[in-house]
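Worksheet: the structure to be examined is printed underneath.
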Amino acid sequence: MQPLRTNVSSLNGTIHVPGDKSISHRAVMLGAIANGTTKISNFLTGEDCLSTIDCFRKMGVSITQNGSEVVVEGKGINGLQEPKEILNVGNSGTTTRLLLGILASCPFHACLIGDESIAKRPMARVTKPLRMMGAHIDGRDHGNYTPLSIRGGSLEAIQYESPVASAQVKSAILLAGLHARGTTSVTEPHQSRDHTERMVRLFGGEVVVDGVTVSVTGSQQLTATSIYVPGDISSAAFFLVAGAIVPNSEIVLKNVGLNPTRTGIIDVLQQMGADIVIENVRNEETEPLGDITIRTSELKGTEIGGALIPRLIDEIPIIALLATQAEGTTVIKDASELKVKETNRIDTVVSELRKLGADIEATEDGMIIHGKTPLKANGTIVDSHGDHRIGMMLAIAACLAKGEVFLQRPEAIAVSYPMFFAHLHSLIE
Ligand code: S3P
């Protein structure tokens, strides 16, 4: 159990948030199935991305990692070898689902296992379309949960209408589609993050985007490249909210990824009246990034739903905290996907923020928050529930609380932001 910093009078300074998790996973995966040597810099050394590296090493791919510099020796999709050991995906949904997409076309057997949280996350959303393409997949509850086993082989293209806006589902199908016969397409209810599409192009592949439909034609060869991973806007989000709600604050966040499929948090901050400035935007062709300054702000409640949800799905826990410090009511709807994240984030956000005195209620597909509420504590014990984003949200919430707060299971934060507490404390001291 970790004591959290409370009653913080200001947050000031500059942070370089670590590399983007989604992009780091994809850089290793595409590097592994491309031909040649891929160099990745500013790679996220969080546990999730290390799980991805570990799985590809077990399939014979040589990967060297020196801090945030990673070199992947790709030998093409046919260069992957049947793993002798079980592939351990840890806590990572992205590793599980995208890896299944790659394995679907590999003519060998592999077993996937992960932690307790992964064992509860639905996998039928990818195993169903991959089976339609020709992969043989089995697992608990007919292939809906880990442990899973897969035997890939030759695949046929499909035209898939995804019931959910999920980049993991879309990416798994597109990665399989790169090696299928014919043209595979995925149509989503709303556009999800498009890192796979952008990165396949960077590796010389062809992807066609038409509104919410993305297509790839099979038998594509990818060529190794160099990748700089921008800072993760989902990690920056904790400091964006902290800067807006802690008094007397000014925080500069450098080199933050600004891919428009991920910037819903910025739209919401602006909608709520935050004092936020974005500068030095560059690299718009591949993965845009820029610097963001946030200052303490007077905030008002807002409504969040529809196409905005996939653009900020991982930021909803910290947006809920933001809303407790805004005047009026904030409604978050159309977000039932929160129930199948690392935890049921509707339940964990509501129960943990209530412990600190927030006026928040769960709904079927989101939550309703009334503000502005002072956050209180008196030796209060809050719990990450093993979910990195719940842990970080609670550490920021504690900054506003007057009494003592203790965090259970703080180690979960290392999944996406190993330096989180060092960065937070550098803004206080
Ligand atoms: C991710 C997609 C999102 C997101 C997750 C990372 C990705 O999940 O929540 O943290 O890298 O593709 P879904 O595809 O389940 O929405």
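The values are calculated or read from the model by the stated rules, or taken from the named source; none is laboratory data. What you see is a predicted model, and the numbers here were worked out from it, not measured in a lab. Here Cβ is always computed from backbone atoms with ideal geometry, including for glycine, and neighbour counts include all displayed protein chains.
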Strands (runs of 3 or more DSSP E) (entirely within region 260-368) containing at least 1 residues that are under 30 Å from K120 (Cβ atoms) and assigned by TED's automatic domain parsing to the domain that holds S249: 328-332, 359-363
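Can you name the residue in region 272-325 that is of a type in the set (S, T, Y) and farther than 25 Å from A165 by Cβ and, of all such residues, is surrounded by the most Cβ atoms within 10 Å (Cβ to Cβ)? Spell out how you get there, then give the answer.
Just the residues of region 272-325 that are of a type in the set (S, T, Y), to begin with: 286, 293, 296-297, 302, 324.
Add one more test, that the residue is farther than 25 Å from A165 by Cβ, and what stays is 293, 296-297, 324.
Details: T293: 16, T296: 19, S297: 19, T324: 24.
If we take residues in region 272-325 being of a type in the set (S, T, Y) and farther than 25 Å from A165 by Cβ, then T324 is surrounded by the most Cβ atoms within 10 Å (Cβ to Cβ).
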Looking at region 182-196, which of the residues that are within 16 Å of the chain's Cα centre (by Cα) and surrounded by 21 or more Cβ atoms within 10 Å (Cβ to Cβ) is nearest to P260 (Cα to Cα)? R193
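The rows are residues; the columns are (1) assigned by TED's automatic domain parsing to the domain that holds A412; (2) assigned to a helix (DSSP H, G or I); (3) over 27 Å from S226 (Cα atoms).
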residue: M59; (1), (2), (3): no, no, no
residue: T64; (1), (2), (3): no, no, no
residue: E73; (1), (2), (3): no, no, no
residue: N78; (1), (2), (3): no, yes, no
residue: Q81; (1), (2), (3): no, no, no
residue: A110; (1), (2), (3): no, no, yes
residue: E116; (1), (2), (3): no, no, yes
residue: T127; (1), (2), (3): no, yes, yes
residue: M132; (1), (2), (3): no, yes, yes
Checking S149 against (1) in a loop (DSSP other than H, G, I, E, B); (2) more than 16 Å from the ligand (Cβ to nearest atom): exactly one of these is not met. Which one? (1)
Restricting attention to region 352-372, does a residue exist that is surrounded by 20 or more Cβ atoms within 10 Å (Cβ to Cβ), among the charged types (D, E, K, R) and within 16 Å of the ligand (Cβ to nearest atom)? no
Of L269, L258, the only residue that is buried (at least 19 other Cβ atoms within 10 Å of the Cβ) and farther than 17 Å from H16 by Cα is L269
Of all residues in region 411-429, how many are aromatic (F, W, Y) and assigned to a helix (DSSP H, G or I)? 2
Name the single residue that is nearest to F238 (Cα to Cα) among those in region 310-348 being hydroxyl-bearing (S, T, Y) and touching a strand residue (DSSP E or B) at 6+ places or on another chain (Cβ under 7 Å). T324
Cβ-Cβ below 8 Å, separation at least six or inter-chain, first residue in region 339-353 and free of Cβ contacts under 8 Å to residues at least 24 places away in the same chain, second among the hydrophobic types (A, V, I, L, M, F, W, C) and within 15 Å of the ligand (Cβ to nearest atom): which pairs? K339/I346; N344/L338; I346/A335; I346/L338
When L130 is run through (1) buried (at least 23 other Cβ atoms within 10 Å of the Cβ); (2) more than 25 Å from the chain's Cα centre (by Cα), the failure sits at (2)
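Would you check which residues across region 330-349 are within 21 Å of the chain's Cα centre (by Cα) and surrounded by 20 or more Cβ atoms within 10 Å (Cβ to Cβ) and list them?
Step one: of region 330-349, the residues within 21 Å of the chain's Cα centre (by Cα) are 332-349.
Matches in region 330-349: I332, A335, L338, K341, E342, T343, R345, I346, T348, V349.
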Single match in K120, K75 (criterion: touching a residue at least 12 places away in the same chain (Cβ under 8 Å), farther than 19 Å from K21 by Cβ and within 16 Å of the ligand (Cβ to nearest atom)): K120
Taking the residues in region 90-108 that are within 14 Å of the ligand (Cβ to nearest atom) and assigned to a loop (DSSP other than H, G, I, E, B) as candidates, determine which candidate is surrounded by the most Cβ atoms within 10 Å (Cβ to Cβ). S92
Give region 369-410 a look and list any residue that's hydroxyl-bearing (S, T, Y) and either in contact with a Phe, Trp or Tyr (Cβ under 6 Å, 6 or more places away or on another chain) or part of a loop (DSSP other than H, G, I, E, B) (or both), or say none. T373, S384
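Which residue out of T45, T14, T52, T6 is in contact (Cβ under 8 Å) with a residue 12 or more places away in the chain, crowded, with 17+ Cβ neighbours inside 10 Å and not in a loop (DSSP other than H, G, I, E, B)?
Values: T45 fails: not in a loop (DSSP other than H, G, I, E, B); T14 fails: crowded, with 17+ Cβ neighbours inside 10 Å; T6 fails: not in a loop (DSSP other than H, G, I, E, B).
None of the other options fit; the residue is T52.
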